[in-house]
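Below is one structure, written out as structure tokens; the observations come after it.
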Amino acid sequence: MASPPDSKYTYTIHRIPTPSETTPATLAALVKKFKQTKLVALEAEPDGFAVKYADEVLHPLDIWTQRLAGLSTVLICVATPIEEAIPSSTSLSISNSNSTPESAAIQDPVTQDADTDADTEALLHNEWIGMATIRGPLPYPTYHLPETGQPIPADPDQETRWHLCSVYTSSAYRNRGLARQLCAAAIAHAVAATQMLNQSQSLSQFQSQSPSGSQSEPKDEAGKKTAARIRLFCNPEKTYLVAMYKRMGFKEAGRCTLKDAFGANGDGGLVPRDTGSSEALRYRWERRYGLAMERVCEM
């Protein structure tokens, strides 16, 4: 497929609203578009995801709706004809330069003051050309998989933990840095959410101070988060992706199985009960072929 000229489009990143943030009719339309986009991606790149097209196409819309709720935040990159572009305070405009996202000022498309209607309009009426999911904050026992060999933090209570997955861009829109920008937006969300947790904690401590106006002892800040740890799993044979993640500050952090990936992606319920009774099952589900990578963002 020929690549469309950049001069005719603007590229922005938008968050799909959670089920509680929109109307049932709008949610249904977004879920259908989400499913369609993912299925197209799976057909285009069968080895690009943990899941397979033959399985995903059979899932009812309820499962796709669940993927937009809970700990998952789904970011979508849309291509909008310039004459139709809808401004949004939650969108992330993407320049066509070759500047890297780590050197640019990136707004979190989730926690900024939102114009939800504008975001929804952009999602409903424009082409979806990329996606990424960031899950978290995750409890340490859920996040840490000892068998992978991933690093053990000095104090898990001082960080939030996130899992980045389902990063994809349409082949017609590649070589524009969109995958990097989707990852950068997901990282920005994790950092901003961690900062908000700290602010909430500070406010709670302030409100618990003595109302008499007397000076009290400083509160223990052991629960304050000093870092956001973001992890992803990828196929080590896709060296261009591994190189991109390394440029963004991710470091190799062990090896994972397909079973690990399903669980980390929020699809643990789709793993069959029997993953080890035959050589074929063990090879598919329990072989440690995936590369785990992590980036720690200091607050």
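Going through segment 144-172 one residue at a time, which ones are of a type in the set (Phe, Trp, Tyr) and farther than 15 Å from ALA227 by Cα?
Within segment 144-172, the first condition is being of a type in the set (Phe, Trp, Tyr), and the residues that meet it are 162, 168.
Of everything in segment 144-172, just one residue is of a type in the set (Phe, Trp, Tyr) and farther than 15 Å from ALA227 by Cα, namely TYR168.
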Matching option when the condition is farther than 23 Å from GLY269 by Cα, small (Gly, Ala, Ser) and either surrounded by 14 or more Cβ atoms within 10 Å (Cβ to Cβ) or in contact (Cβ under 8 Å) with a residue 40 or more places away in the chain (or both), among ALA50, ALA44 = ALA44
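Filter the helices (runs of 4 or more DSSP H) completely within segment 220-299 down to those with at least 3 residues that are more than 17 Å from PRO137 (Cα to Cα) and without any contact (Cβ under 8 Å) to a residue 60 or more places away in the chain. Break it down stepwise before answering.
Numbers: elements: 239-247, 258-264, 279-285.
Where helices (runs of 4 or more DSSP H) fall fully within segment 220-299 and carry at least 3 residues being more than 17 Å from PRO137 (Cα to Cα) and without any contact (Cβ under 8 Å) to a residue 60 or more places away in the chain, they are 239-247, 279-285.
Take the residues in segment 107-143 that are part of a loop (DSSP other than H, G, I, E, B) and either touching an Asp or Glu at 6+ places or on another chain (Cβ under 6 Å) or modelled with pLDDT of 95 or more (or both), then tell me which one is nearest to ALA227 (Cα to Cα). Quick ask: steps written out before the conclusion?
Of segment 107-143, the ones part of a loop (DSSP other than H, G, I, E, B) are 107-115, 126, 136-139.
Imposing the further condition that a residue be either touching an Asp or Glu at 6+ places or on another chain (Cβ under 6 Å) or modelled with pLDDT of 95 or more (or both) reduces the set to 136-139.
Details: GLY136: 13, PRO137: 12, LEU138: 13, PRO139: 14 Å.
Per the stated criteria, the residue is PRO137.
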List, please: which pairs have Cβ atoms under 7 Å, are six or more places apart or on different chains, and start with a residue in segment 114-128 that is closer than 14 Å to GLN36 by Cα and end with one that is at pLDDT below 90 and not in a helix (DSSP H, G or I)?
-> ASN126/THR80
Checked against (1) over 25 Å from PRO272 (Cβ atoms); (2) modelled with pLDDT under 95; (3) not in a helix (DSSP H, G or I), ALA50 satisfies every condition except (1)
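Could you please find all residues in segment 68-93 being modelled with pLDDT of 90 or more and either in a loop (DSSP other than H, G, I, E, B) or closer than 17 Å to LEU124 by Cα (or both)?
First, the residues of segment 68-93 that are modelled with pLDDT of 90 or more: 68, 71-79.
If the condition is that a residue be modelled with pLDDT of 90 or more and either in a loop (DSSP other than H, G, I, E, B) or closer than 17 Å to LEU124 by Cα (or both), then LEU68, LEU71, VAL74, LEU75, ILE76, CYS77, VAL78, ALA79 are the ones that fit.
Kindly provide the set of residues from segment 29-46 that are outside any helix (DSSP H, G or I) and closer than 12 Å to TYR168 by Cβ, ordered by number.
Across segment 29-46, the qualifying residue is only GLU45.
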The correct count of residues that are under 18 Å from the mean Cα position of the chain (by Cα) and under 22 Å from TYR289 (Cα atoms) in segment 42-66 is 5
Here are SER204, SER214, SER210: which of them is of a type in the set (Ser, Thr, Tyr), assigned to a helix (DSSP H, G or I), at pLDDT below 95 and farther than 21 Å from SER72 by Cα?
-> SER204
Which of the residues that make up segment 144-191 are part of a helix (DSSP H, G or I) and touching a Leu at 6+ places or on another chain (Cβ under 9 Å)?
-> ALA179, GLN181, LEU182, CYS183, ALA184, ALA185, ALA186, ILE187, ALA188, HIS189, ALA190
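Give the residue, chosen from THR194, THR169, that is under 17 Å from GLU298 (Cα atoms), at pLDDT 90 or above and of a type in the set (Ser, Thr, Tyr). Even if it seems obvious, please write down each step before you answer.
Working: THR169 fails: under 17 Å from GLU298 (Cα atoms).
So the residue among THR194, THR169 that is under 17 Å from GLU298 (Cα atoms), at pLDDT 90 or above and of a type in the set (Ser, Thr, Tyr) is THR194.
The values are calculated or read from the model by the stated rules, or taken from the named source; none is laboratory data. A quick note: this is a predicted structure, and the numbers were derived from the prediction, not measured. So basically every Cβ, Gly included, is an ideal-geometry build from the backbone, and we count neighbours across all protein chains shown.
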